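Chemist: Got a structure for you, questions after.
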């Protein structure tokens, strides 16, 4: 795609509908018609994207990122599975050839920060070479120091081999869902757009962040082998959402709708909760065993233990 169609300033908010479609095509090669006005597909992703680029410190941290075209240019290098060092060298060469004097005076750290941000946009996970003063406090990170991003992701999301010994019932009963975790065990749900925070108990084991962006996960699923994520991670994450928000569970559905309305009342700090959450289906009994959740079993085991201990 001609990047000229993406030469809109990052400060433009909200992102125009036509630009959203072009971004999806440019970042992931998504085919099909450009979303029409009012189409809410991928709304949580674009809410996340916009909030990152509209942070007050963004212009200071990312002097080289002024338009969506700048982000896509770097993201395409990452998607090509180039080593991080090669991406860095290519960006430096691109900036040296640019007419923008400010861009040619970038430090190595500024280039690395731009790579980290563009990587984060590709995978909806906080990616960093090193700890940064600009990182949101408390977030878990994918450390990407060398090699390609897909290798860094595979290293981070290792298949958890947590033992289920010590649990009398290493299978999730039908009443185990997000609504009952709060009602019975007092474990609050908190929406996150950072995949690596998914199901990580915080606040003294009283709050569980939930990666709610089903539309993003389904998009990644459609990419098949072109996705940067490890095989089966995306489906495994969708399975955890089917576990916590089962389809056709009236109590959970009503509670989820209440949570959505509550978020919208928070105005500028509201999280756009994915409309597909609660529509991931329901798990069969054979799928509800703890050992079935390869990538998330350790975190689910902690939640399971906490829930039974409290109740």
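The values are calculated or read from the model by the stated rules, or taken from the named source; none is laboratory data. Note that the coordinates shown come from a computational prediction; the quantities given were computed from them, not determined experimentally. Reconstructed Cβ throughout: ideal geometry from the backbone, glycine too, with neighbour counts over all protein chains shown.
Chemist: If I filter the stretch 200-222 for residues that are in a helix (DSSP H, G or I), over 17 Å from the mean Cα position of the chain (by Cα) and within 30 Å of residue 117 (Cβ to Cβ), do I get at least one hit?
Modeler: No; the residues of the stretch 200-222 include none that is in a helix (DSSP H, G or I), over 17 Å from the mean Cα position of the chain (by Cα) and within 30 Å of residue 117 (Cβ to Cβ).
Each row is one residue, and each column tells you yes or no for (1) over 21 Å from the mean Cα position of the chain (by Cα); (2) over 25 Å from residue 211 (Cβ atoms); (3) modelled with pLDDT under 85; (4) not assigned by TED's automatic domain parsing to the domain that holds residue 11.
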| residue | (1), (2), (3), (4) |
| --- | --- |
| 45 | no, no, no, no |
| 50 | no, no, no, no |
| 54 | no, no, no, no |
| 62 | no, no, yes, no |
| 67 | yes, yes, no, no |
| 70 | no, yes, no, no |
| 74 | no, no, no, no |
| 79 | no, no, no, no |
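Chemist: May I ask you to list the residues in the stretch 175-193 that are closer than 25 Å to residue 142 by Cα, in contact with a strand residue (DSSP E or B) (Cβ under 6 Å, 6 or more places away or on another chain) and buried (at least 21 other Cβ atoms within 10 Å of the Cβ)?
Modeler: 192
Chemist: Starting from residues that are over 23 Å from residue 299 (Cβ atoms) and in contact (Cβ under 8 Å) with a residue 40 or more places away in the chain, keep the ones in the stretch 268-278 and report whichever is surrounded by the fewest Cβ atoms within 10 Å (Cβ to Cβ).
Modeler: So, considering only residues that are over 23 Å from residue 299 (Cβ atoms) and in contact (Cβ under 8 Å) with a residue 40 or more places away in the chain, the one surrounded by the fewest Cβ atoms within 10 Å (Cβ to Cβ) is 275.
Chemist: Go through the stretch 231-267 and report how many residues are under 27 Å from residue 171 (Cβ atoms), without any contact (Cβ under 8 Å) to a residue 24 or more places away in the chain and surrounded by fewer than 18 Cβ atoms within 10 Å (Cβ to Cβ).
Modeler: Total satisfying the criteria: 4.
Chemist: Looking at the stretch 225-255, which of its residues are in a helix (DSSP H, G or I) and more than 20 Å from residue 197 (Cα to Cα)?
Modeler: Within the stretch 225-255, 225, 226, 250, 251, 252, 253, 254, 255 qualify.
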